[in-house]
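Taken together, the values in this text are just the output of simple stated rules run on the coordinates, not laboratory data. Since we're looking at a predicted model, the values are computed, not measured. All Cβ positions, even for glycine, are placed from backbone atoms using ideal geometry, and neighbour counts span all protein chains on display.
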Amino acid sequence: MLDQINNLVEEIKSFSASSVADIEEFRIKYLSKKGKISKLFDDFRLVSFEQKKIIGEKLNEVKKLAQEKLVEINRIFETKSYKTLDIDYTLPGDPIPVGSRHPVSIVRNEIIDIFSRLGFTVSEGPEIEDDWHNFSALNFPEAHPARDMQDTFFIRKDPDILLRTHTSSAQVRVMERQKPPIRTLSPGRVFRNEAISARHHCIFHQVEGLYIDENVSFADMKQALLYFTVEMFGSNTKIRLRPSFFPFTEPSGEMDISCSLCSGRGCNVCKNTGWLEIMGCGMVDPNVLEFCGIDPVKYTGYAFGMGIERVCMLKYRVNDLRLYFENDKRFLDQFITSVI
């Protein structure tokens, strides 16, 4: 057996590989379960007791030699392969194209950032809502047109389960579980049964704010919205509040901002008025506070809501709402540097 081991040592030392197949052949021939070294280990049990120590050491040595040889020829072959490739590995790698954030996400984050400076925190709720959180707790009468199938995507009737039509439902959940003071901002996706056009879509995004505390006034709301407008659209932007009606606020208003395209002089975008509507707002109706377990005598509050796509259209002068949903790379690449 010593002669067999010595012959095997010479074979291993003299072996050279010219291809990957040769390397694999070496592994199978010497190191596999059916290879020559494994066979010698099987025959080791027939060796006399006196020779076991010497032959055992020799077997371990030849196995170690074969393993080291396999590592060596692999390394040599890889080095030779790299040298045949016409590549300069010291050169810098190819640049990876940087993607862009969606304009709706950019504006959403900017709105959150602005109101966070006023102490607003973000709250979110489910997109599939029940009637209570989407309508009843917000003081919508049972016969209100918004409950009709023409405006709302109902999933189930009696009890009503629907796709939320506004993110005010998230504010209801906050009022139910949290005692005033409450200062929360609810961004999210909403759904309404509308025909898709350049100005309307059945899916869009809203940000709604709510502030409830003692002695909160309409003046507090106006100051907060003015701060937001200046931060979002520039220091020269003016605001205008007009009376309106919403079931969940009283008094209610619509807020316009001065048209940035014509500087208030009048153009086809603002319909020659010099103003662009941007959001609805108002003081929280006492009924809403009471429905949510908040004392309407002790606490008052204001609420506001705006469409993110609407702000995008004003900020980036995008005149077609459908562009936000088409996932057109040519459109999205224009916002590659507008990452917040």
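Things worth noting here:
- FRET efficiency, 1/(1 + (r/R0)^6) with R0 56 Å, evaluated for Leu91 and Asp220 via beta carbons: 0.40
- Centroid-to-centroid, using Cα positions, region 83-137 and region 186-249 are 22 Å apart.
- Helix runs (DSSP H) in the chain reaching 24 Å along axis by Cα, Kyte-Doolittle at least -1.0: 52-84
- Once the chain from Gln51 to Glu72 is taken as fully extended at 0.36 nm per residue, the excess over their C-alpha distance is 4.4 nm.
- Trypsin sites (Lys or Arg not before Pro) lying in DSSP loop within region 92-170, provided at most 11 other Cβ fall within 10 Å: Arg117, Lys157
- Top of Asp158, Asp295, Asp213 by mean-square fluctuation, Gaussian network on the chain, Cα under 10 Å: Asp158
- Among 196-202, 22-28, the peptide with the highest mean count of other Cβ atoms within 10 Å heads the list, and the full ranking is 22-28, 196-202.
- Under the Debye formula (equal points on every Cα, no solvent term), log10 I(q)/I(0) of the chain at q = 0.08, 0.09, 0.15 Å⁻¹: -0.55, -0.59, -1.28
- Counting only Cβ charges, +1 for Lys and Arg and -1 for Asp and Glu, the dipole size of region 103-335 around its Cα centre is about 860 debye.
- One chain, two ends: Asp158 and Lys298. Fully extended at 0.36 nm per residue, the span grows by 46.9 nm beyond their Cα-Cα distance.
- Members of Lys34/Lys58; Lys238/Lys298; Lys13/Lys63; Lys29/Lys63; Lys13/Lys53; Lys34/Lys69 lying beyond 21 Å, as alpha-carbon distances in this model show: Lys238/Lys298; Lys13/Lys53
- Here each label is just a point 7 Å from Cα along the line to Cβ, and for Asn272 and Arg322 those points are 2.9 nm apart.
- Placing +1 on each Lys and Arg Cβ and -1 on each Asp and Glu Cβ, with no other charges, gives region 188-239 a dipole about its Cα centre of roughly 360 debye.
- Net length available on complete extension from Gln334 to Met1 is 112.1 nm, with 0.36 nm assigned per residue and the Cα-Cα distance removed.
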